[in-house]
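Coordinate-derived values only; no laboratory data. Bear in mind the structure is a predicted one, so any value in this text is a computation, not a measurement. With ideal geometry, Cβ positions are generated from the backbone for all residues, glycine too; neighbour counts draw on all protein chains shown.
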Amino acid sequence: MKRLGAVLLSAAMVLSLTACGGGVKTDAPAASEPAKESASPEAAPADDAEGAAAEGTDISGSTLEVAVTYTGDQATTFQGLVDKFEEEYGCTVNVAEYGTDYENTLKTRMAANELPDVFQTHGWSILRYKEYLMNLQDQPWVSDYDDSALGVIQDDDGAIYVLMISELINGTLVNTDVCDAAGVDPYTIHTWDDFTEACEKVKASGTTPICVLSNPGLLANYAGTFVSYEGEMFQDSAAMLDGSFDWQDYKASLIKYMAGWIESGYYFDDILTLVDTDLTERFAAGKGAFCLGNDPSVMLTCLTLNPDANFIFLPSFASKEGGKEHVGIGEGDAFGIWKDTKNADAAKLFLEYMARPEVAKEMNAATGKISCLKSTMDIDDGYGLKVFQEMKEKCADCDIFYENLWDRQYMPSGMWPIFGNASNMLFDDPSEKGQDAVIEYLLENYQDLYEAAKEG
């Protein structure tokens, strides 16, 4: 990795993943491969698929280590569910909460081949972890998956390595109270030019338009609406995937727009020092109108701070007329089993327990993510599913594109923190010289990571 000067602040590692809700499918294949039918979960299992735990299996006295990304209230909810599992099965579950060190800790444990019995794959069940995971294709809960989930977690050969109880959706969060006060109808925003006009109205009303932290998602989560998707300013997906992307179109579109928004005062002046709690407190209090590249869990947190606030979820916008608006999709909460675990039966029963509709519903309610097991969707009255369904109804005539997160689809592994550093660089210096420095930094690290991926 190229080193940054001491002037830069460390990037905030915001886990904003993306997913679609029940029944939504992508309307175009990924640029990297031709369209193909998803393998049915009822298809013949792969040779290495593991059988379900035998009915009535006694796991009392067993001990499981379960590693999770949950923190705060979400961790409390998960621990409560774990306590009930322990009481029912007589099995001890040690929950490992690694917080912001989760990814690095898992990488270290992968290198040592000493992984937890069960661990969350945080969006990387196939691309990073599958060689360490048990194939769970023939587990009883697989037939309960909504079709939208299979497009995210099912490998080319039909293998499924995780129980995914929820999906993520990623787009634009809107405080409608702020928009109403500024005379902005958010449902009329379809392009980034429309968005810029809306921001100017919000700013004129005395409120900061864009309520975000400097984080990787600002340069990644909606980048495809500028440089990848059908009908956008540029379609550079092929170059991104073959290592020849020179980032000039990226500069001419996303970076130029962001620099303009910075110069226009659409962001908070102290954006480089903000933390997650600052974001939710300000968004809840109506001190910002739009939160870009994020998921409904932010709005759910805001409602705990201000129950009277009003929010909606919208896609990320198109870069020009005729382009597609975008909702990112991806893994929500997904649990895999280490292939070398000594406690396979207990681990399988734990996943079966987490797949129960009432259990999955309670966890999804705590995270604000969208249920993707059909039996859970039938009883889900959670906030995430509600705002997603509302978006689909209100935006029924919009040309919306559903695909995996842009960086996971088109960037080499390791680019996420690079985008975070680049975001800090741009806010520190949005001038033409600063923009050139951002592009040089992105290009060098992209090339290094692309070559490393080829060698690996």
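If you stretched the chain out fully between Asp397 and Gln447, how much longer would it get, using 0.36 nm times the residue separation minus the C-alpha to C-alpha distance? Provide the component values of the computation, followed by the final result.
Numbers: separation 50, 0.36 × 50 = 18.00 nm, distance 3.97 nm.
Gain in length upon complete extension: 14.0 nm.
Placing pseudo-labels 7 Å out from each Cα toward the beta carbon at Asp269 and Lys342 gives an inter-label distance of 6.0 nm. Among beta bridges identified by DSSP and lying wholly in the chain, the antiparallel ones come to about 60 percent.
Partner lysines whose Cα lies under 18 Å from the Cα of Lys256, excluding those fewer than 8 positions away in the same chain, are identified as Lys320, Lys433. Our estimate of slack between Lys201 and Glu390, defined as 0.36 nm per intervening residue step minus the Cα-Cα distance, is 65.6 nm. Spin-label model, Glu358 to Asp83: label points 7 Å out along the Cα-to-beta-carbon direction sit 1.7 nm apart.
Each part gets one Cα centre, and for the stretch 275-298 versus the stretch 135-196 those centres are 18 Å apart.
The overall shape of the stretch 243-287 is prolate: from the C-alpha gyration tensor, with semi-axes ordered a ≥ b ≥ c, the ratio a/c is 1.5 or greater and a/b exceeds b/c. Counting beta carbons within 10 Å around each of Tyr410, Tyr98 and listing the fewest first gives the order Tyr98, Tyr410. Each Lys and Arg Cβ is given +1 and each Asp and Glu Cβ -1; about its Cα centre, the stretch 142-257 then shows a dipole of about 700 debye. Among residues other than Trp416 whose Cβ falls under 14 Å from its Cβ, what is the net charge (Lys/Arg +1, Asp/Glu -1)? Charge balance near Trp416 sits at +1.
Rounded to the nearest 20, the Cβ-based charge dipole of the stretch 308-456 about its Cα centre (Lys and Arg +1, Asp and Glu -1) stands at 580 debye. With the simple model of a label 7 Å out from the Cα in the direction of the Cβ, Lys374 to Ala96 spans 3.6 nm. Between Ile312, Met134, Thr341, the Cα set farthest toward the positive side of the dipole of the chain (charges on each charged residue's Cβ, about the Cα centre) is that of Ile312. Farthest toward the positive end of the dipole of the chain, out of His190, Leu168, Leu241, is the Cα of His190, where the dipole comes from beta carbon charges about the Cα centre.
Based on other C-beta atoms within 10 Å, arrange Arg282, Arg128 from fewest to most.
Listing Arg282, Arg128 from fewest to most nearby Cβ atoms yields Arg128, Arg282.
A Cβ-based charge dipole, computed about the Cα centre of the chain with Lys and Arg at +1 and Asp and Glu at -1, lands at about 760 debye. Taking other C-beta atoms within 10 angstrom as a stand-in for reagent exposure, His326, His190 fall in the order His190, His326, fewest first.
Here the 3J(HN,Hα) profile of the stretch 65-77, calculated from phi with Karplus coefficients 6.51, -1.76 and 1.60 at θ = phi - 60°, is 9, 10, 9, 9, 8, 5, 9, x, 4, 5, 5, 5, 4 Hz, Gly and Pro shown as x. First check a/c for the stretch 332-414, with a ≥ b ≥ c the square roots of the eigenvalues of its C-alpha gyration tensor; if it is under 1.5, answer rounded, and if not, answer prolate when a/b is larger than b/c or oblate otherwise. Since a/c reaches 1.5 but b/c is at least a/b, the shape of the stretch 332-414 is classed as oblate.
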